[in-house]
1. Being surrounded by fewer than 24 Cβ atoms within 10 Å (Cβ to Cβ) and of a type outside the set (S, T, N, Q) is the filter; apply it to segment A:288-300 and report the residue that is nearest to residue A:163 (Cα to Cα).
2. Of the residues in segment A:404-421, how many are under 17 Å from residue A:355 (Cα atoms) and out of contact with any helix residue (DSSP H, G or I) (no Cβ under 6 Å at 6 or more places or on another chain)?
3. Kindly evaluate residue A:407 against the criterion of being hydrophobic (A, V, I, L, M, F, W, C), surrounded by fewer than 16 Cβ atoms within 10 Å (Cβ to Cβ) and modelled with pLDDT of 90 or more.
4. Which of the following residues is under 19 Å from the mean Cα position of the chain (by Cα) and farther than 30 Å from residue A:384 by Cβ: B:252, B:315, B:284?
5. If you take just the helices (runs of 4 or more DSSP H) that sit entirely in segment B:177-254, which of them hold at least 2 residues that are over 23 Å from residue B:153 (Cα atoms) and of a type outside the set (Phe, Trp, Tyr)?
6. Pull up segment B:317-333, narrow it to residues that are in contact (Cβ under 8 Å) with a residue 40 or more places away in the chain and not in a helix (DSSP H, G or I), then point me to the one that is nearest to the other protein chains (Cβ to nearest Cβ).
7. Hey, does segment A:66-80 have a residue that's closer than 23 Å to residue A:118 by Cβ, in contact (Cβ under 8 Å) with a residue 12 or more places away in the chain and among the small types (Gly, Ala, Ser)?
8. Within segment A:307-342, how many residues turn out to be facing chain B (nearest Cβ under 7 Å), assigned to a loop (DSSP other than H, G, I, E, B) and either of a type in the set (Val, Ile, Thr) or within 15 Å of the chain's Cα centre (by Cα) (or both)?
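The values are calculated or read from the model by the stated rules, or taken from the named source; none is laboratory data. Every value quoted in this text rests on a predicted model; they were computed, and no experiment measured them. Backbone-built Cβ (ideal geometry, glycine too); neighbour counts: all protein chains shown.
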Amino acid sequence: MYRTTGIYIKNNKISKYKEIVDAGVPEVVYIPLDRHVGAPAKPVVSKGAEVKIGTLVAKADETLSVNVYSSVAGKVVETDDKLITIKTSEDIYEKSIDTSEGIITEIPDSKTLILEKIRKAGIVGMGGAGFPAAVKLDIPETCKIECLVINGLEGEPYFTADNRLMVEKAEEIVIGARIINKLLGIQNAIIAVDEENKDAVKALVGVTKRYIGVNVKAVKNKYPTAAETQLIKKLFNVEIPKTKLTRDFGYIVHNVGTVYSIYNAVMKNKPLYERIVTVSGDAADNPQNFLVRAGTPASYLANKAGSIDNARLLICGGVMMGTEISDVNTPISLLDGGLLMFKKAKKDTEASPCIRCGRCSQNCPVHLQPFEIADRLKIGDTPKLYKLRPSDCINCGICSYLCPAKIPLLDFIKMAKEQIR
Amino acid sequence: MSIRINPPHVIDKTSTKSIMLDVIIAMIPAMAVSVLFFGLNAMLVIITSVTACIALEYMCSIYWLKTKNNTQDLSAIVTGILLAFCLPGNLPLWMVIIGAFIAIVVTKMAFGGLGRNIFNPALAGRTFLFLAFPVQMTLWPKPNLRDFWNYDIKTGATALEIIKYSDVSTSATRLDNNEYLSSLPDYYDMFIGYISGSVGEISVAAILIGFFYLLYKKVITWHVPVFYMGTVFLIMYAVSLNSAEPIKYNSFLHVLSGGLMLGAVFMATDYTTSPMTAFGRIIFAVGCGVLTVLIRLNSVYMEGVAFSILIMNAFVPLIDKFTKPRIFGTGRK
């Protein structure tokens, strides 16, 4: 384990021991088509069409895009470039999906078949990046992959979805890792787990004893060790610059949720249309981990864990990197690991002058100097701004979080990125 | 559809105000010791200095800089206490006000207020007074526990003055010199603070309590105080090994008495006037240490902390420039 920069944030993992519960079917779902990296998917169903669970509703438009599947059975009421609205009826699955309970352990032999299944299933990086998994796993000949890292860390406070997934679906995740191992032609996968999540470590260690090529590593979970490049630094002491891909250095990183979906896609022919979402926060009476279908409105989900009327602040994603939502019908996408509800709206704190304490710079995981970036931006010194490399920022938000003068440094860095583009 | 309002949605409780409050709390032991030993006069110096700093900062921010009332961040109080800390306990109060004027108006607000000053305001104020009123600024009252109302003020030399003027060659006999040196306070008195000196510098124990409080609250890191005092200690120790008068270079005496500890813990750690990175702060602290030793040994002044910190303050932008952190993933492998 190597040293990374980062901070300890009160992690509030209140739903850590809550089992995954099916959130059920809302009356209407709004399936987003553009939440992943790359081109938005193109709708292939029109208004009035009947769909089942697992019906292809939008097709990948280019190589860097994904297929989108219906998460419910019902009738399409509206389609546009970004959203497909479906009025739901009783659950009917597509025939190709294997809905049986058992765990399948025999991995298909053909690498092309595995990759094709992953591509077809529309799997995206579920840690929040939303990068198409099939594109990530389509390794050119020139890259030599040494290790597959499966990221089971959840840096965001409140998030426990991945933790529960590892506890309850440990074997599926390990088989998923072996599928990727096979695809990459290696026998070396590391599942990185927060050392505080002892249940998950125990469950995974129990399973990995029976399988070759998958190991578990308990990692101290500072924020933002869960970020891809930070995790690699932590595990291997290798620093990957923003301009390079992890595969150029011989590593592939996948989130546990993604690996679980890959298992489902390859073994059960089940495309990606649902995920585990933590619903938590001080306005949630009963914080829980839900199995949520893509496109479920936030209000429906919030009401499952409490009452949306108690929440003055709704955050889709985590408190550090997520998005505040004002429309209660905002759909939960496949990238959102959590929906947080709080009793108090965020206070608008007024920024005071920088006192040059250096907290933002000393704790920046990529060693930027946020205070200087903000200064140079204010006076419009673009050449200097370029040298400060705001584009290396990973948006973790530590600078804004720590600043005692309450300066929104992350916002300035984002503006600086625009400025030098 | 959804309006994006910027993350992060939680922020740390630490604010400029809470940091300043922590510094004030850390200075309470030293204030208590000085009032206990120097009595009412020390208290009046502190109160005058703080009041003057707040009033001047308030007036400057309202009428001159036309900003919001900045005194709410408590930084003026910190400056006021620190200024009082490096003044003699019986300094005439009008001089204290002049010191506050130099600190707040000339050194801080003229540069644009909090976070923009180049030099440490309290030290600049103190240094001005020291140069303008050299007699009053070196008249150190003797501590007296039983005389709160200051009926009977005796003044005495500080330990550093005693060793500065001890000299074998000019003393009539070696015996005289030894007798002279016997007026040095012992280490116990120095640790507790029962010695002559400026208001805040006397008690090592009180400053250490403040230091550990600041470390515990993560307001400062250990780098600056440890490297500063360590540098002075080591150089003094090395010099004393080859000296005919080791007492002059007694490293314990140099660290325990005088303003070194006060300066190292409360002044050289000032955010605004010290470098940003840990490595930069180490360079800064070592520079302060070397300058302090040079001034104490080679100049006419017995005390070198204020000058050395002010000189190093001027180097901060340069140090910052050369200790820029290496951006993740560059310049290695």
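1. Among them, the one singled out is A:291.
2. 2
3. Details: hydrophobic (A, V, I, L, M, F, W, C): yes; surrounded by fewer than 16 Cβ atoms within 10 Å (Cβ to Cβ): no; modelled with pLDDT of 90 or more: yes.
No; evaluated as a whole, the condition is false for this residue.
4. On the way: B:315 fails: farther than 30 Å from residue A:384 by Cβ; B:284 fails: farther than 30 Å from residue A:384 by Cβ.
Only one candidate passes the filter, namely B:252.
5. Working: elements: B:187-192, B:204-216, B:223-241.
Filter on segment B:177-254 gives B:204-216, B:223-241.
6. B:325
7. Yes; the residues of segment A:66-80 include at least one that is closer than 23 Å to residue A:118 by Cβ, in contact (Cβ under 8 Å) with a residue 12 or more places away in the chain and among the small types (Gly, Ala, Ser).
8. 5
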